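Here the structure comes first, spelled out in structure tokens, and everything after it is commentary.
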Amino acid sequence: MKANVLLLSFLFIGSTSLIAQVTQSSGDVLAKVTTCGDIDALFTHSGASMHNLMYADVNASKSSSSTVGQTKGSPYLVSSFEKSDIYKNDELLGSFYTRYNIYSKELEVKKTLLAEEQFKALLKDENIKAVFKDKEIQYVSFIDEKGKKRSDYLISKTSGDNYKLFQRMECNFVEGKKAENSMVNAIPNRFTNSSSYYLKNQSTAVVSYLPTKKSQLLKLFKENDKMQLANLIKKKGLNLKKENDLVALFEFANTLDQENYTVKSK
């Protein structure tokens with residue numbers, strides 16, 4: 001208990017510069033957090049996200065006569081800060097208010113909901129995760145659709161002994177256009193969001209892209225399990241492009257015998 005109090009007391013002590021570069025390795029940073037109680041080492045910068053800086057520059061470059069109106073959409077998974085627990089592996093580091101900025105790929109963290117408190121961006125490390133009431137977000141390495149190894153924040157959707165299903169969110173900012181004349185409407189700035197799904201093999205810890213086409217998805221499984229999954233998809237009329245149906249499929253897959261349920265490596 002005494003160690004936890006010390007750990008939390010150091011949370012927001014440190015640099016207030018806009019962007020402070022992290023020079024230590026992730027292992028060194030985590031060791032510093034657990035041994036010295038310096039939670040501030042878990043953050044890469046404070047203030048505004050890189051997205052906010054870019055967007056401010058875009059707005060500043062526009063005159064009042066060329067404005068294209070309010071931006072549509074949002075760069076955030078959820079616009080407001082939500083209560084979350086931050087873990088290093090299975091060790092609770094503390095409870096904070098957190099939101100995920102999809103555009104800048106940052107978990108923005110605050111100790112309170114006070115408007116004057118600046119958020120800090122959480123260090124991108126696979127040993128650190130934010131656990132919310134209804135979701136879990138963690139920086140993860142994975143194999144993408146093109147077979148390339150990448151890293152990004154993934155959102156856990158369901159987890160079991162065999163497999164864990166993740167969602168990956170992506171966000172693009174599209175700059176609007178002013179109206180050329182009174183007969184044409186201006187096109188507002190907008191954020192466009194998209195998502196894809198990834199599957200973690202709990203026995204190998206490999207995370208790879210999950211195809212949502214039925215024939216391609218079923219090829220990932222052994223024959224006996226393939227038949228059971230195909231029957232479930234047909235019986236329930238599951239649409240593999242819908243998140244709820246994917247969750248239902250893998251909740252069932254996690255009830256199958258682990259020894260007979262193995263995704264083939266790419």
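Bear in mind that the values in this text are calculations on the coordinates, not laboratory data. From a predicted model like this one, the values you see are computed outputs, not experimental measurements.
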* Structure fact -> Cα extents of segment 147-191 along the principal axes, largest first, in whole Å, come to 61, 23, 15
* **Residue pairs, from the table Lys124/Lys226; Lys72/Lys120; Lys124/Lys157, whose Cα atoms sit over 27 Å apart** => Lys124/Lys226
* Among bridges DSSP assigns within segment 153-201, what percent are antiparallel (round to 5)? -> 100 percent
